[in-house]
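The values are calculated or read from the model by the stated rules, or taken from the named source; none is laboratory data. Values in this document were obtained by computation on a predicted structure and should not be read as measured data. Every residue, glycine among them, receives a Cβ derived from its backbone with ideal geometry; neighbour counts consider all protein chains shown. Calculation scope for accessible area: heavy atoms of the full protein, side chains included, ligands and nucleic acids excluded. Shrake-Rupley method; radii C 1.70, N 1.55, O 1.52, S 1.80 Å.
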Amino acid sequence: MSAKIIDGKKVADLTIANLRKDVEQWVERGNRRPFLKVVQVGNDPASSAYIGSKTNACKKVGIDTDTTHLPDTVSAKDLKKSIIQFNNDDSIDGILVQLPLPSHLSSHDVIESIDYRKDVDGFHPMNIGRLSVDQPTFKSCTPAGILELFNYYSIPVKSKHAVVVGASNIVGSPMAVMLSRENNTGKATTTICHKFTRDLTTHTISADILIVAAGHPNLIKAEMVKEGAVVIDVGINRVADETSERGYKLVGDCDFDAIREKASWITPVPGGVGPMTVAMLMKNTLLAAKKSIYPD
Ligand code: NAD
């Protein structure tokens, strides 16, 4: 069997084109154009690249945006002061603080200082909590994007065994919550694995849907995957590549070529989950502007 490719770039482009229409209608009705404030602490090149793709998507969708750069020595107090200023600014709909932060800053404290009504990343405990009890919320963008891919390709989730490898607050945990809720996009029997899981293969091999977000190239090999499984590779890892001009290439957490021969569906890296994450950020920013989740 050769797996069908889940084309995240294509679905993200379609999503962005639809959002663009929505934004234009919103503006034509006399509303202010949505505005996303991005905060970058320091100058990490990977963070700058992610911010570049997010602000580029804003342009395509018709969302206004700007980035506030703060030095990597900024104190927690000064960073919080900036965030509070953005919270109180009515012309800002969404606030995104690019992670990771320098080690002297607590991402928990920083995320909690964002007004949850502007938390378009869906990382604030209020939004994560509401997700857990099936209330309207800003859904964390990466897992929300994966559910959109299942919907687009009519990949059934209900009653399947979904195994999520990785338990982070921003990907693995909300993914497992979304899959396991008894709602329209969930109803899977869900297993969550992490670095303390003993014998990972005993879990992955029984997965109908395998979602991998560990950040380790080649963690998942073909012998760990069930014949016909749906494999979603969230990992984005830089590995040395002398043939590339920039000296590295991006790979996921899965042995793509070998698993492709066994799975029924698979996401490539790049071009799989990544573009959907950005598209979902755009969706959340429009929801924030419309006050759809938290009406006044
Ligand atoms: P993280 O480091 O916060 O969490 C990693 C998780 O994987 C942890 O729960 C850890 O216990 C688990 N893990 C690590 N090694 C493992 C192992 N050997 N076996 C089983 N579990 C293991 O990472 P994160 O922020 O969730 O990101 C994970 C990966 O996804 C990274 O490569 C990141 O770059 C990528 N990512 C991609 C997108 C996207 O849009 N495609 C978005 C966010 C993160």
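Candidates Val225, Val212: the one that is among the aliphatic types (A, V, I, L, M), open to solvent by less than 40 Å² (accessible area, probe 1.4 Å) and more than 12 Å from the ligand (Cβ to nearest atom) is Val225. Residues that are without any contact (Cβ under 8 Å) to a residue 40 or more places away in the chain and touching a Lys or Arg at 6+ places or on another chain (Cβ under 9 Å) within segment 91-111 comprise Asp109, Val110, listed in sequence order.
Okay, residues lined up against (1) open to solvent by less than 40 Å² (accessible area, probe 1.4 Å); (2) within 11 Å of the ligand (Cβ to nearest atom):
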{"position": "Pro136", "(1), (2)": "no, no"}
{"position": "Thr142", "(1), (2)": "yes, yes"}
{"position": "Gly145", "(1), (2)": "yes, yes"}
{"position": "Ser180", "(1), (2)": "no, no"}
{"position": "Arg198", "(1), (2)": "no, yes"}
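Cβ-Cβ contacts under 7 Å between residues 6 or more apart (or on different chains), taken from a first residue in segment 129-148 that is free of Cβ contacts under 8 Å to residues at least 12 places away in the same chain to a second residue that is open to solvent by less than 50 Å² (accessible area, probe 1.4 Å), are listed as Arg130/Thr137. Quick one: is Asp93 touching a Pro at 6+ places or on another chain (Cβ under 8 Å), of a type in the set (Asp, Glu), buried (at least 17 other Cβ atoms within 10 Å of the Cβ) and on the phi < 0 side of the Ramachandran plot? The answer is yes for Asp93. Considered as a group, the residues in segment 231-258 that are β-branched (Val, Ile, Thr) and within 16 Å of the ligand (Cβ to nearest atom) include one that is nearest to Lys4 (Cα to Cα), and that residue is Val231. Residues that are over 17 Å from Gly252 (Cα atoms), more than 10 Å from the ligand (Cβ to nearest atom) and part of a loop (DSSP other than H, G, I, E, B) are absent from segment 162-178.
Kindly evaluate Ile205 against the criterion of being open to solvent by less than 70 Å² (accessible area, probe 1.4 Å), more than 13 Å from the ligand (Cβ to nearest atom) and among the β-branched types (Val, Ile, Thr). Please lay out each step first, then the result.
Working: open to solvent by less than 70 Å² (accessible area, probe 1.4 Å): yes; more than 13 Å from the ligand (Cβ to nearest atom): yes; among the β-branched types (Val, Ile, Thr): yes.
Answer is yes for this residue.
Among the residues of segment 156-165, those identified as open to solvent by 10 Å² or more (accessible area, probe 1.4 Å) and not basic (Lys, Arg) are Pro156, Val157, Ser159, His161.
Looking only at segment 62-69, decide whether some residue is in a helix (DSSP H, G or I), more than 23 Å from Pro295 (Cα to Cα) and open to solvent by 70 Å² or more (accessible area, probe 1.4 Å).
Let us first name the residues in segment 62-69 that are in a helix (DSSP H, G or I), namely none.
So far as segment 62-69 goes, no, none of its residues is in a helix (DSSP H, G or I), more than 23 Å from Pro295 (Cα to Cα) and open to solvent by 70 Å² or more (accessible area, probe 1.4 Å).
Among residues that are touching an Asp or Glu at 6+ places or on another chain (Cβ under 9 Å), open to solvent by 10 Å² or more (accessible area, probe 1.4 Å) and within 16 Å of the ligand (Cβ to nearest atom), Gly271 is included.
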